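Asker: What follows is a structure written as structure tokens; I'll ask about it next.
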Amino acid sequence: MPPFENLMSKTKSDFTIIWVDRAKKVVLIEDLHHTYKRMTVTNDADAVVEILNQMYPHFHIVYRDSEGQWGELVHENGVFKDFKTLMALSIDAETGKLG
């Protein structure tokens, strides 16, 4: 697998990986749209999902969007399918783990 930086060059958005929970197969990311003024993760969902699925195959992709709301980028084998709004998400402040 190519390094993360090489994979990121394929997106039109910028994001950071906050936490990876391998046991629960979840990766948390945060949209950096406000920092770098590029496309949002929401608008670049196809590329973001494709890249993260290469790094973390079959993981749930949970993201904090540019408005601070949590959601999931639903996909099948790295192909983006839909957005899922997450009403409540508990994240441990010290470890970043899902509660």
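Asker: Give me the pairs: first residue in the stretch 38-60 and surrounded by fewer than 17 Cβ atoms within 10 Å (Cβ to Cβ), second residue acidic (Asp, Glu), beta-carbon distance under 9 Å, and six or more apart or on different chains, which are they?
Answerer: Listed by first residue and then by second, the contacts come to ARG38/ASP14; ARG38/ASP44.
Asker: Filter the stretch 71-86 down to the residues that are crowded, with 17+ Cβ neighbours inside 10 Å and closer than 20 Å to LYS24 by Cβ, then identify the one that is nearest to the chain's Cα centre (by Cα). It would help to see each step written out before you state the result.
Answerer: As a first pass, look at the stretch 71-86 and keep what is crowded, with 17+ Cβ neighbours inside 10 Å: 71, 73, 75, 80.
If we keep only those that are closer than 20 Å to LYS24 by Cβ as well, we get 71, 73, 75.
On the way: GLY71: 9, LEU73: 7, HIS75: 11 Å.
Filtering first and then ranking leaves LEU73.
Read the figures in this text as sums done on the coordinates, not as results from a lab. Please read these numbers as outputs of a predicted model, since none were measured by experiment. Positions of Cβ are generated from backbone atoms using ideal geometry, with glycine treated the same way; all protein chains shown enter the neighbour counts.
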